[in-house]
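Report on the following structure.
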Amino acid sequence: MQLAKAYISSSYFFITIISASLFVLFYIANLFIDWTKVFNTDVNLVSDLSLIMLVVFGCFSIQFIVKLISTIYIADQRPAMQGLIELLTQILLVASVFVLTNFFSSSLLMFSIIFSIVPLLLLVFFNLYAFNTDYQDLKPSFKLFKLEYVIDIMGLGMKFFVIQIAAIVLYTTDNLIITHLFSPADIIPYNVAFKYFSIVTMGFSIIVTPFWSAITDAYAKHDILWIKKSMTNLIKLSFLFSIVAIAMVFIAGWVYEIWVGEEVVISKRLSIFMSLFVITTLLTQPFIFFINGTGKINVQLGLGVFSALLNIPLSIFFAKNLNFGVSGVILATIVANVMGLVVYPIYYKKTIRKLEIE
C-alpha cells in the first residue's frame, strides 16, 4: 500500500509539472495564432476565439491531472465508477445548456466555459471524495514524490501518454479538417452521423472496459487459459455489435429525420462510412485491451503515432482530390483502423504463443 501511494503521489505531481509546462507553451503560442484562419470563420471573432482556446486548453491541461482518479478506479477493477463519472458529466452538461439557453444570454464563450469547467469540477469532486473515503490510504503526498518512481512510471506511462495524444490527433482533428476544407456548417451532418453510430461503441465499451484490469491481473498470475477464453468471447461480442452497426445504416435516415429534422441532410455514403469506422473500431478493441492489459504497448505506440500523422494528409486527399467530400475525412480514419485490424491480431497470437512457451 505504501508503494502504491508512492506511485500515485509521483504520478500526480509529475503530471502536474507536464500539464503546467504544456499550458505555458500553449499560452505563448496562443498569442501568435489566428484562430479565425484555423477554424475558417469570421475575422471579428479573433479575440473571442483566442480567449476561448485559452480557457479550453487550460481546463484540458488540468483534466490530465484530475482524470488520474479514473485510472485508479479501473486499476482497482471498479470501472463502474468511471462510467458514473461520464454519466454525471453528460447529465450536468445537458442541464447546464438548458439553463443557459433558457434563462441567460448565451454565447460561444459561455458554452465553451461550461463544456470545459463542468467535467473538470466533477473530476475534482471525485478526487476529493475518493481520497477521503475509499482511497484514504492512497492520498497523494508530496513527501512520497521520488524521481526513481517517476522514471519507473515514465517508461510505460509516457508511452500511454503519447498514445493518448496520437488518439486525440486522430479522432479530433476531423472537425478542423472539415471546417478548413469546406465550411463550419458541414460539421453538423458529420457530427450527427458520428454521434448516432457512436451509440454502438459506447455500449461495447461499457461491457469490455473491466477486461483491461482483469487481463492485467490474469497476466500477472500467468493465467493464459482465462485470457484466451476471454479474448474469444470479446472477439465474438465485437462481431455481434458490428452487425448492430450494419443494421443501423438501414434505419439511419428515419432516425436522422426524427432527431434533427429535414434541414440537416446526411448522405447515405456518410452513414455507410461511419458504420465501417465503428466496425473497424469494434474489431480492434479486444486486441487493444489485451495489449494495454499486458503493458506491451510498443506496437500500439508505433501504429498510433503513424496513424495520427497519416490521417491529416489522407483526409485531405480523400476529401478533395478524390472528391469524397466530408465522407472522405472519416474514410481516412477507417484506413488508419484497418492497419490495426491486420497488425494487432498477429501481435496477440505471437504474444500468447510466447507466454505458453514460458
For the stretch 1-145: Kirkwood Rh in Å [reciprocal of mean 1/r, alpha carbons]: 17.2
Spelling out what I want: for every residue of the stretch 287-296, take phi, set θ = phi - 60°, compute 6.51 cos²θ - 1.76 cosθ + 1.60 (Karplus), and round to whole Hz; glycine and proline get x. 6, 5, 5, 5, 4, 5, x, 8, x, 8
Loop by DSSP (not H, G, I, E, B), at most 13 other beta-carbon atoms within 10 Å: where is the longest site-free stretch of the chain for chymotrypsin sites (Phe, Trp or Tyr not before Pro)? 105-358
Diffing the stretch 309-315: the Karplus 3J(HN,Hα) column from phi (6.51, -1.76, 1.60, θ = phi - 60°), in whole Hz with x for Gly and Pro, holds 6, 6, 4, 5, x, 5, 4
Whole-Hz Karplus couplings 3J(HN,Hα) for the stretch 96-101, θ = phi - 60° and coefficients 6.51, -1.76, 1.60, Gly and Pro as x, run 5, 5, 4, 5, 5, 6
Leaving out same-chain residues fewer than 8 places away, which aspartates and glutamates sit with a Cα under 17 Å from that of residue 195? 86, 174, 186, 257
As straight-line cross-link partners of residue 139, the qualifying lysines (C-alpha separation under 21 Å, not fewer than 8 residues apart within one chain) are 5, 67
The stretch 1-49 and the stretch 303-329: distance between their alpha carbon centers, rounded to Å: 26
Neighbour-count order for 353, 78, fewest beta carbons within 10 angstrom listed first: 353, 78
On a straight-distance basis, which aspartates and glutamates could pair with residue 350 in a cross-link, Cα separation under 17 angstrom, same-chain partners fewer than 8 positions away excluded? 223, 358
Mind checking the dipole of the stretch 198-308: about its Cα centre, +1 per Lys or Arg Cβ, -1 per Asp or Glu Cβ, Debye to the nearest 20? 480
Assigning unit charges at the beta carbon (Lys, Arg +1; Asp, Glu -1) and nothing else, what dipole magnitude in debye, to the nearest 20, does the stretch 132-216 show about its Cα centre? 120
Counting only Cα, what are the radius of gyration and maximum Cα-Cα distance Dmax of the stretch 154-358, in Å? 18.3, 61
Trypsin sites (Lys or Arg not before Pro) in the stretch 188-288 lying in a DSSP loop, each with at most 14 other Cβ atoms within 10 Å of its Cβ, come to 221
Around residue 303, under 14 Å between beta carbons, what's the net of Lys plus Arg minus Asp minus Glu among the other residues? +2
At 222 nm, what value in deg cm²/dmol follows for the chain if DSSP H runs of at least 4 each add -39500 (n - 2.57) and the sum is divided by all its residues, to the nearest 500? -28000 deg cm²/dmol
Let me check I've understood the local charge: for residue 80, count other residues with C-beta under 15 angstrom from its C-beta, Lys and Arg +1, Asp and Glu -1. What total comes out? -2
What order do you get for 263, 148, 257, 86 when you list them from fewest to most C-beta neighbours inside 10 Å? 263, 148, 257, 86
In debye to the nearest 20, how big a dipole does the stretch 154-358 give about its Cα centre with +1 on each Lys and Arg Cβ and -1 on each Asp and Glu Cβ? 740
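Since every read-out is calculated from the coordinates, none of them should be taken as a lab result. These numbers come from a predicted model, not from an experiment. Please note: Cβ atoms are built from the backbone with ideal geometry, for glycine as well, and neighbour counts cover all protein chains shown.
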